[in-house]
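Accompanying notes for the structure given below.
Read-outs throughout are calculated quantities, based only on the coordinates presented, and are distinct from any laboratory measurement. This one's a predicted model, so the numbers in the text were calculated from it and none came from an experiment. Every residue, glycine among them, receives a Cβ derived from its backbone with ideal geometry; neighbour counts consider all protein chains shown.
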Amino acid sequence: MAELTPTFNIDPKFPPIGSMESVRALYISYFAIGHSGVRHHILQLLDSTEFNAVVIDVKGDHGWVSYPTQVLTAKEIGADRPSIKNFDEIMAQLKRRKIYTIARIVTFKDDPFSRSYPEYAVKIKGSTELWQDREGLGWSDPFSIPVWDYNVELAVEAAQKGFDEIQFDYVRFPTLSQVGEPQFSQEAIKEARISAITGFLSMARGQLKPFGVKLAADTFGYTCWRKDDTLIGQDIERLGQYVDVLCPMLYPSTFGNGIPGYKNAVAYPYEVVYQSAQKAVERINRLGLGCTVRPWIQDFQDYRFDNRVYGKTEIQAQIKGCFDSGSTGFMVWNPHVEYTAGAYAPMLKYG
């Protein structure tokens, strides 16, 4: 099938779109939240642009907790490695600005926990050795209740610290890596995978209910298109029954096989985001449970197709794709927390 012509032309003035209530969030990594210069830059962005929310690593990709935690398991396994010690002061600054705060908790990808509790870790198939992903990091077993307990404890603590939303990332099963196939404590057939992920989210929802926070889960972009669990336990209709916000990661660079009509996904940021998010919105809305869709979008250089720089034009196209799809906002990912100057609407344009 021939590729289609892009359907979106950028408005050079880029007026902000969407309602004031829409969440427009930027990501702050475990390392960035601990850096005073980066924090200052983030506050400047929040004061001068359309950004009105932040996603902060509470437990980051390496399994370390970003602020001093009272969760005993985190202390026991060496995950209590705060990158910022005066976190409550930072939270107070955000609250004064009426910034919506989202706690990102990397869930089953957890090197400190898997090494400290190998009985609850993912193993290499046919071996007792710990399985590792392509970054050399261990994962905890999504079937194991002690794993659920630990992550929910961290989520409850984050809610007590004042976060408005808890967002579980890597809330899925791992797949093949350079060390081989992962093995779990139970046979990981489709229904078992889905039940493990939704079971964890159901438990988290119950424990978090007294705090009045929203619950969110990140999913791969292709979950918007596929009707199976993509072999990782992520079926969006099933997930939508347990979360308030579904957060598909719609970075065009991750759509290695493209989408129908747009094989070279990175060249079509609007189409990839709009069509993927629209499918998710339609599927979630059929549930009638009040779950909404808020995608992640890309503010980083392509790494899959042609290494093109994603700049103002591509970022604005993705933002428009989010709102045109019926999503309730967007979140921007840059692993280095270096956001593209001029790509986001000035706050003053809201009047």
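Here are a few things to note about the model shown:
- Dipole check for the range 180-224: with +1 at the C-beta of Lys and Arg, -1 at the C-beta of Asp and Glu, and the Cα centre as origin, the magnitude is about 300 Debye.
- Mean-position separation - Cα centroids, the range 281-351 and the range 160-222, in angstrom: 23 Å
- Note on the chain: with charges restricted to the Cβ of Lys and Arg (+1) and Asp and Glu (-1), its dipole about the Cα centre is near 640 debye.
- Rounded D (µm²/s) - the range 183-290, Kirkwood Rh over Cα pairs, Stokes-Einstein at 10 °C, 1.306 mPa s: 107 µm²/s
- Solution diffusion estimate, µm²/s, Stokes-Einstein, the range 23-350, Kirkwood Rh from C-alpha pairs, 10 °C, viscosity 1.306 mPa s: 79 µm²/s
- Spin-label model, HIS40/SER202: points 7 Å from Cα along the beta carbon direction are separated by 5.0 nm.
- Segment ILE124-LEU287, extension gain: residue separation times 0.36 nm, minus the distance between their alpha carbons: 54.9 nm
- Equivalent ellipsoid of the range 1-156: semi-axes from √(5λ) of the C-alpha gyration tensor, largest first, are 35, 24, 13 Å.
- Rounded to 5, the percent of DSSP beta bridges in the chain classed as antiparallel: 20 percent
- Stokes-Einstein diffusion coefficient of the range 98-195, Kirkwood radius over Cα pairs, 20 °C, 1.002 mPa s, in µm²/s: 151 µm²/s
- The ranking of LYS312, LYS85, LYS75 from fewest to most other beta carbons within 10 Å of each one's beta carbon is LYS85, LYS75, LYS312.
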